[in-house]
Amino acid sequence: MFQEIINMLFNGTLNGAVLSLIALGYSLVYGVGHIMNLAHGAYFMLTGYLLLWAYHFFPGQILINVIFAVVITTIIGGLTYILLIKPVKDSAVGVVLITFALAFALEQYVLIISGTTSATISGYVIFKGTTDFLGYSMLNQYVFYIIISLIIVSLFALFINKSKLGKSIRAVSQDSEAATLMGINSDRVLFYTVLISAFLAAIAASLYLPGAALNGPAMGWEYLTSSFAVVILGGMGSLVGSIVGAYIVGYITSFTNVFVPNGPAWAHIVPIIVILLVLIIRPQGLFGKKELQ
Amino acid sequence: MKKGLVKEKIRNIPTYLKSWAKTFSGSLTVFLLIILTLFPFLSQNESFINYFLRHFTLAMIFSIFAASWDFLTGISGQISFGHAIFFGIAGYLCAYLIAFQGFPIWLAIPAGALGAVGFGLIIGIPCLRLRGPYLALGTLAFSLILLKLFLLGSLSNILFGSEGISYNTGPYPLTRLSSNALIEYFIVFITLIISFIIIFQIVKSKFGTILKSIRDDETGADASGINTTRYKVYAFMISSFFAGIAGCFYALYNTSVNPVGNFGTVISFFAILMASLGGLTTISGSSLGAFFFIFLEYILIEMGVDAYVQLIFAIILILVVRFAEHGILRPIIEHLKDFWDVLLGR
């Protein structure tokens, strides 16, 4: 019983840590540009598969492969903005359609190359082995990831509050026109925002997925729905809300996994139930400052 | 007063039809309809009828489905990324009623469609608060729930698990619409024509104008005193009805239903794809899109590159949204018209 509680707490924290980085990027892009990048989950998935493919060619060069995968995904994020999002930015339907199509295209591309069977990239694990904590063994890589994700979130908070680009991002998210009047290139800022969001997703993937597994190219959709749940729960446009929401959803999921009969099957549906409940009870989420548009 | 108006309208139908058929797009449509009517009789070849012709039937099924999506998203402005929900529910209900309850086909299809409408209500109501991208993701999430639910092993005694229902799962056989591919073709063809006429009339009517006003400016429509809530729910129900008809036909076309094939995101993607190619607000564009993609898939499969089919479709969608957001139907008709004028020396 006790062990199950530790299990639930640890995995909840882990899920929260993963979701916090992914949802942070997603929420950022929405907050700044009112753009829903449906390809966000695909970035996460793509990084994992890039790592897998790089491993086949250069098994020894772990660090270089990771840098390669993160850079490629970040570039794809940037290209998504320049080539796809920016031209159709004025049409909400258009952005959603084009990013959905991109997510689909990326999934199919990976599917063609790697098929649907699961794969592991455990070669990239940095901290091998497990630690025992009160009878529950935790993967060291996961502990490492949780710590790193907290560091990244803190760094990001610093960045957004203190740095010039961070302040520009906040300005554009509050009022894009006024920001332009102040001399901020809103378009450029939006570009950097998408870039950063892809980067965060890629980092999360390269540190978490080695400990987990690549569950087929369709895994991106689950992370997308979870991000959406997190962002709706936390409140669209609120970065603090995304972090808090991520951990809440993370704990609910791991609770379902451990304590609900036939847990793992229901755990997939948790994010969606969260979305529905939040929309019915409190559509603006926990920290939502803007009305749902 | 009203009775006189209706009688006048009915008396006017032949003149109306004549003047419509004389317009360019009208005559083009009549021309295509004639071709589609005569096409099946082109060849008595076994493989032509049972294989190639059935692709036309499939394209027509998807035309109805895409048109239903277009009605909801293009005309009413409610972006639906989970249209597979209505498609799949109707298919499953229809298959279940036929295979397990022995319903005759002509009863099971409307029952399935009504089941889809029920879901249209269930989905429509929570989605009332959602606009734009939120609605898209909300409907996507709903479709994912249904997909996962139907895949759940633990519910497989009620929901048939990942195997679904096939030809002989139940005490009664799950047959096609008709064992004769020609009859199947014409049943779907006639349903297609009737469905399109109904949808067109709805779009052109005052009801349709209200839906378009909600799409273009919901706040304004609300301010004008239109009960946007009611109309949005109606839009969902109408759209899900036609999606349901298509879903039942599809289940009967394949004589089977299974979670991935009927509820998968791929199905929602197809609706979006086909309707977008034709143009988001043109209903007839959906059939253009449906035929285009079904036959593109056919060609690609014949060429042996079926693994690339979805990827190519996705890239086409990206290109269409990026460069031709209003679809290619209107530009094509414009060009055809100019060409026709040149031919006639005008």
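Residues of region A:46-95 being small (G, A, S) and either under 21 Å from A:L111 (Cα atoms) or in a helix (DSSP H, G or I) (or both), which ones? A:G48, A:A54, A:A69, A:G77, A:G78, A:A92, A:G94, listed by residue number. A:I35 is checked against (1) among the β-branched types (V, I, T); (2) assigned to a helix (DSSP H, G or I); (3) closer than 21 Å to B:G138 by Cα and fails just one. What number does that condition carry? Here A:I35 clears every test but (2). Within region B:208-229, the set of residues being under 23 Å from the mean Cα position of the chain (by Cα) and surrounded by fewer than 15 Cβ atoms within 10 Å (Cβ to Cβ) comprises B:T209, B:D216. Take A:S114 and tell me if it is within 14 Å of chain B (Cβ to nearest Cβ) and in contact with a strand residue (DSSP E or B) (Cβ under 9 Å, 6 or more places away or on another chain). Yes.
Checking the condition within 30 Å of B:L97 (Cβ to Cβ), part of a helix (DSSP H, G or I) and either more than 14 Å from chain A (Cβ to nearest Cβ) or acidic (D, E) (or both), which residue from B:G285, B:G247 passes? Spell out the reasoning first.
Working: B:G285 fails: within 30 Å of B:L97 (Cβ to Cβ).
From the options B:G285, B:G247, the qualifying one is B:G247.
Considering A:I273, A:I248, the condition of being in a helix (DSSP H, G or I), under 21 Å from the mean Cα position of the chain (by Cα) and within 13 Å of chain B (Cβ to nearest Cβ) is satisfied by A:I273 alone.
Can you give me the number of residues within region B:127-176 that are basic (K, R), within 11 Å of chain A (Cβ to nearest Cβ) and in contact (Cβ under 8 Å) with a residue 24 or more places away in the chain?
Of the residues in that region, 1 qualify.
Within region B:328-345, is even one residue within 13 Å of another protein chain (Cβ to nearest Cβ) and part of a helix (DSSP H, G or I)? No, because not a single residue in region B:328-345 is within 13 Å of another protein chain (Cβ to nearest Cβ) and part of a helix (DSSP H, G or I).
Answer yes if at least one residue in region A:233-245 is modelled with pLDDT of 90 or more and surrounded by fewer than 23 Cβ atoms within 10 Å (Cβ to Cβ), and no otherwise. Yes. All told, A:L155 falls short of being buried (at least 16 other Cβ atoms within 10 Å of the Cβ), under 26 Å from the mean Cα position of the chain (by Cα) and closer than 29 Å to A:A213 by Cβ.
Yes/no matrix, rows are residues, columns are (1) touching a Phe, Trp or Tyr at 6+ places or on another chain (Cβ under 8 Å); (2) of a type in the set (G, A, S); (3) buried (at least 22 other Cβ atoms within 10 Å of the Cβ):
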residue	(1), (2), (3)
A:M8	yes, no, no
A:A17	yes, yes, yes
A:G25	yes, yes, yes
A:V32	no, no, yes
A:M36	yes, no, yes
A:M45	yes, no, yes
A:G48	no, yes, yes
A:F57	no, no, no
A:L63	no, no, no
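Per this entry, A:T131 is counted among residues that are outside any helix (DSSP H, G or I) and β-branched (V, I, T).
Residues that are buried (at least 24 other Cβ atoms within 10 Å of the Cβ) and in contact with a helix residue (DSSP H, G or I) (Cβ under 6 Å, 6 or more places away or on another chain) within region B:251-267 comprise B:A251, B:V257, B:N262, B:F263, B:I267, listed in sequence order.
The values are calculated or read from the model by the stated rules, or taken from the named source; none is laboratory data. The structure displayed is predicted, hence computed values, not measured ones. Glycine also receives a Cβ, built like all others from the backbone with ideal geometry; neighbour counts cover every protein chain displayed.
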